[in-house]
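Attaching a single structure in structure tokens format; questions to follow.
Read-outs: derived from the displayed coordinates by stated rules, not from any lab. Predicted model only: the values in this text are computed from it and were never measured. No Cβ is skipped: glycine too gets one built from the backbone with ideal geometry, and neighbour counts run over all protein chains shown.
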Amino acid sequence: MQFLILGILLGGPLSLYDVHKHFTGGISLFYSASFGSIQRALRQLETEGWADSADADDTRRRKKLYLITDAGRAAWRAWMLAPVTGSDAEPTILARVYLLGHLPRGERAACLDAVRLRLAGDLAALRTLAEDVDSAQIPEAAAQGHRYRRATLDYGIRSHSLALDWLEDLRKSA
């Protein structure tokens with residue numbers, strides 16, 4: 001979540017409430033976060049030196065505005081260009097695509113290549129698993145259950161194939 005927030009802060013200083021509005025205004029479709037988790041992430045960003053905060057001058061309430069630092073920009077850029085890791089890659093992939101416009105035009109293809117590499121690797125693993133499953137001898141009593149487990153695997157293969165096609169379209173315009 002930290003890198004997603006850093007990407008949001010690239011657009012300018014925001015309050016905790018403003019960051020939360022970004023999540024509820026669309027990001028929550030692929031990455032949900034509570035008010036408290038956003039607040040903790042902002043504190044961590046400050047501790048890391050990736051964000052600073054300042055009191056807003058235009059309110060009676062002591063509203064803090066968060067700003068990304070140069071170190072935060074460098075950390076965000078490194079994350080955008082790094083290989084996609086972790087067991088649940090989809091939110092990371094969608095976050096990178098969502099923030100892609102903040103990267104210089106010349107670096108966007110490299111970001112999409114890192115995403116494509118992860119998706120292609122996962123697709124290859126799913127296809128290998130499908131070959132193993134399809135070659136297994138399934139007892140008649142287990143055939144019905146096997147059918148639906150195989151359908152779930154097919155869904156993974158199809159969704160990864162679609163995601164790779166989608167990325168190719170994005171790369172053409174990046």
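Using a Förster distance of 41 Å, how high is the FRET efficiency between Thr24 and Leu129, based on the Cβ-Cβ distance and rounded to 0.05?
In this case the efficiency is close to 0.65.
How long is the range 1-81 along each principal axis, judged by its Cα atoms, biggest number first, in Å?
Ordered largest first, the range 1-81 gives principal extents of 41, 29, 20 Å.
Another question about this same structure. Over 26 Å, how big is the tail of the calculated P(r) for the chain, in percent of all Cα pairs?
Here the long-distance tail beyond 26 Å is 43 percent of all Cα pairs in the chain.
A follow-up question, please. What is the extension gain from Ala151 to Glu107, computed as 0.36 nm multiplied by their sequence separation minus the C-alpha to C-alpha distance, in nm to one decimal?
Computed gain between Ala151 and Glu107 is 12.1 nm.
Charges at C-beta only: +1 for Lys and Arg, -1 for Asp and Glu. How large is the resulting dipole of the chain about its Cα centre, in Debye rounded to 20?
Computed charge dipole of the chain: roughly 480 debye.
Give, in nm to one decimal, the length gained when the segment between Leu162 and Ala71 is fully stretched (0.36 nm per residue of separation minus the Cα-Cα distance).
29.2 nm
Apply 1/(1 + (r/R0)^6) to the Cβ-Cβ distance of Arg43 and Ser173, taking R0 = 35 Å, and write down the FRET efficiency to the nearest 0.05.
The computed FRET efficiency comes out at 0.40.
Shifting gears a bit: Dipole of the chain (Lys/Arg Cβ +1, Asp/Glu Cβ -1, origin at the Cα centre): which of Ser135, Thr24, Ala78 lies farthest to the positive side?
Comparing the listed Cα positions along the dipole, Thr24 ranks first.
How far apart, in nm, are two points set 7 Å out from the Cα along the Cα-to-Cβ line at Tyr17 and at Ala136?
My value for the distance between the label points is 5.4 nm.
Checking a compactness column here: for the range 35-74, what do you get for Rg(Cα) / (2.2 N^0.38 Å), N being the number of residues?
With N residues counted in the range 35-74, Rg over 2.2 N^0.38 Å equals 1.23.
Could you give each residue of the range 120-137 its phi-based ³J(HN,Hα) in whole Hz, using Karplus coefficients 6.51, -1.76, 1.60 with θ = phi - 60°, and x for Gly or Pro?
Using θ = phi - 60°, the values come out as 5, x, 5, 5, 4, 5, 5, 5, 5, 4, 4, 4, 5, 5, 5, 8, 6, 7 Hz.
Run lengths n ≥ 4 of DSSP H only: what is the helix-derived mean residue ellipticity at 222 nm for the chain, with -39500 (n - 2.57) per run over all residues, to the nearest 500?
-22000 deg cm²/dmol
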